[in-house]
Each structure stands twice: as C-alpha cells, then as structure tokens.
Amino acid sequence: MTDFAPDPAADLADATLDELRAVLAPLVASNAAFDGWNARAVKAAAESRGVDPDVAALCFEKPVAMVDAWFAHIDAEMAARLPAERLEAMKIRERITRLVETRLALLAPDREALRRAVAMLAMPPNAPTGFRLGWRSADTMWRLAGDTATDYNHYTKRAILAGVYAATIAVFLDDESEGWADTRGFLARRVEGIMRFEKTKTQWLGHPERRFSMSRFIGRLRYPAV
C-alpha cells in the first residue's frame, strides 16, 4: 500500500506510476460500476484527469491490479478518517466496529463496482489475490486498532476479522435497509462474537497447564500416561 496521498488538483504530468495509480484507483472504481474492471474503466479514469491512457494502462496491467489499488486507497482513506487519537478513546470492540463501518461508508458510493470486484476475486484463478487483499485489510484494521501481537494471536485475530469482514460485505451488497441497518446489526453481532472468542481464549490460556510446552510435550512422548 502506498503512502502517497493524492491531491485532486495536483499536476500529474511528472507523476510516477505509483502516484498515478493512487490518484486513478478510486476513479477506475467509479467507472467499473458501468464498464466493469477493464481497460475502458482505466481509460475513462485517465481522461477525466487528463492522463495519457497509454500511461494509465501501465498502472493496471490486470483487472485484479485495479481492485488491489482501489482497496489500498480504501485502507489509506480509512486510516485518514480514523487517526490514532480518535481510536484511542474507544474500547477495542468499538474500534473494530468503527473501522469496518468506515470502510463500508467509503465503499458505498461504488457498491456495484464492489459487487463486480467480489465476483471477480471469487473466481479460482483470483482466489489467492482475494485472500491476500482480505488479509491485508484485516491486518490494517487490527494495526489501527492498536494490536501489537506478534505470536499466534496475530494470525488468529486477522483470520477471524477477515472472515467477519467478508461476511459483512456479502450482507452489505444486498442491504436495502435504512442507513444500512441490517448490515450494522450483522456486524455488531459478529464483532460481539470476536470479543467473546478473545475473552474465552484469554481465560483458557491464562492457566499455565493449558499453554503449549515443548518440554512437556516431549516428556509425554517419552513417558506416556498409563
């Protein structure tokens, strides 16, 4: 994910490909709702910013690269809207909820493009990319929420949140309720499930005898219980 924050009024004549990609990604998404994730969407986005379409094409060699750049843009916008000083005042459950809801708000104007992106990433050849992007989003949200785990908790938290986020997106795509009420309710229940799991896991691992011990494991191999 690039740290480049595009200025809508910036002169792009001397922009690098990374800078162009960051500027064009949300515009490509807006056009993808009508044209699909293809060269037509890239060309329309480039022309709207006065960028040479041939140069823009170099930024997005494949459709999945367009989605990748758009999701990276969403990650960056989410972080900008929820700086650390705002999140620090919240409890962890509220942080995660607010982060996911902010992502949904950013995706909402291009919901049809999101629908097309999800369908494309679900195709077998694109499944590894879909997994990587889902993991990246979950990792970004946990990091913004203040998680610093480096042990197996790092992986379990991200795997669970990635699953919750994917399920929430599925609900969101078909949600016609006022203010996305159905999606918010679904998300609240899933986040509550995450919190219960983390609490149970902490209580379980709080007992020394339940923690994995290599020496104890080897000892049981040598002297199995009768």
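All of the numbers you see were taken from the coordinates with simple rules; none came from a lab. Here the structure is a predicted model, which means the values were calculated and not measured. Glycine also receives a Cβ, built like all others from the backbone with ideal geometry; neighbour counts cover every protein chain displayed.
Here are the numbers for this structure:
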| quantity | calculated |
| --- | --- |
| Which of 150, 140 has the fewest Cβ neighbours within 10 Å, and the rest in rising order | 150, 140 |
| Per residue, the convex hull volume that the Cα atoms of the range 84-210 enclose (Å³) | 120 |
| R0 of 35 Å, Cβ-Cβ distance residue 111-residue 151: FRET efficiency to nearest 0.05 | 0.40 |
| Label-zone membership for the range 33-56, site residue 14, 7 angstrom Cα→C-beta point, backbone N under 19 Å | 50-52 |
| Charge context of residue 37, other residues only, Cβ under 12 angstrom, K/R +1, D/E -1 | 0 |
